[in-house]
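For reference, the structure is listed below as structure tokens.
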Amino acid sequence: MKRLLVGLIVALLLIAVGFSVYVWQQTQVQELSRQKDDLQVQVQKATEAASRQPIYSYKSDKGVNISVYTPLAGARASSPLHIVGQVPGNWSFEAQFPIELKDAGGKVIAQAPATLQGDWMTDAMFPFTATLEFSGTPSGVGTLVLHKDNPSGLPKNDDSLAIPVKF
């Protein structure tokens, strides 16, 4: 009788633990689903806002069309500098490509990856965003440089776009 009671208690504990794990997993799934929905709304709003902005199209060193909504060429750059535009998906690797900000002397004062907002594994144009933070107060004219990500390191796969900015 004692063994039966112990077995019943163990079984009830296992059922309770299993149920608790199941409820916790369902809560996590619901939270991830909510976060996904929120992210989709943010991307949609950003895409709609970008579509209302004038498109400033540039050509990279190798003639690739790139659109940059902000900052515009010759615009004042201050920290944090938000960069928004569109590049072909093949300009990125794992949905990212490097961006750097150089001062008047060509010294890199900030760098960060730009992140594509879409299926980067095509040649289609995709929106990207990046934020560069820098300290100090540079002066004169600087350069915002967008680099095609080149994980191979082969020079033939390099490409970039330089946009002048003011400090």
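Brief remarks follow.
- For the chain, the relative contact order works out to 21 percent when only alpha carbon pairs closer than 8 Å and six or more residues apart are counted.
- Interchain or long-range residues, amide H under 5 Å from G142's placed H: V165, K166, F167
- Cβ crowding within 10 Å, taken as a proxy for footprinting-reagent exposure, orders E48, E100 from fewest neighbours to most as E48, E100.
- Distance between the modelled labels on N157 and K59, one decimal in nanometres: 2.5 nm (7 Å Cα→Cβ projection).
- Semi-axis lengths, Å, region 78-167, gyration tensor of Cα atoms, sqrt of 5 times eigenvalues: 24, 14, 10
- Relative pair counts by distance (%), Cα atoms of region 1-108, 5 Å bins: 2, 8, 10, 13, 13, 9, 7, 5, 5, 5, 5, 4, 4, 4, 3, 2, 1, 0
- Proximal charge balance of T129 [Cβ under 15 Å; K/R count +1, D/E count -1]: -1
- As a proxy for reagent exposure, H82, H147 were ordered by neighbouring Cβ count within 10 angstrom, fewest first; the result is H82, H147.
- The chain: calculated mean residue ellipticity at 222 nm from DSSP helix runs of at least 4, using -39500 (n - 2.57): -11500 deg cm²/dmol
- Listed from fewest to most Cβ neighbours within 10 Å, the set L132, L101 follows the order L132, L101.
- Angle between the chain longest axis and helix 2-52 axis [Cα atoms, degrees, rounded to 10]: 20
All of the numbers you see were taken from the coordinates with simple rules; none came from a lab. Just so we're clear, the structure is a prediction, and the values are computed from it rather than from any experiment. Cβ coordinates were reconstructed from backbone atoms using ideal geometry, including for glycine residues, and neighbour counts include every protein chain displayed.
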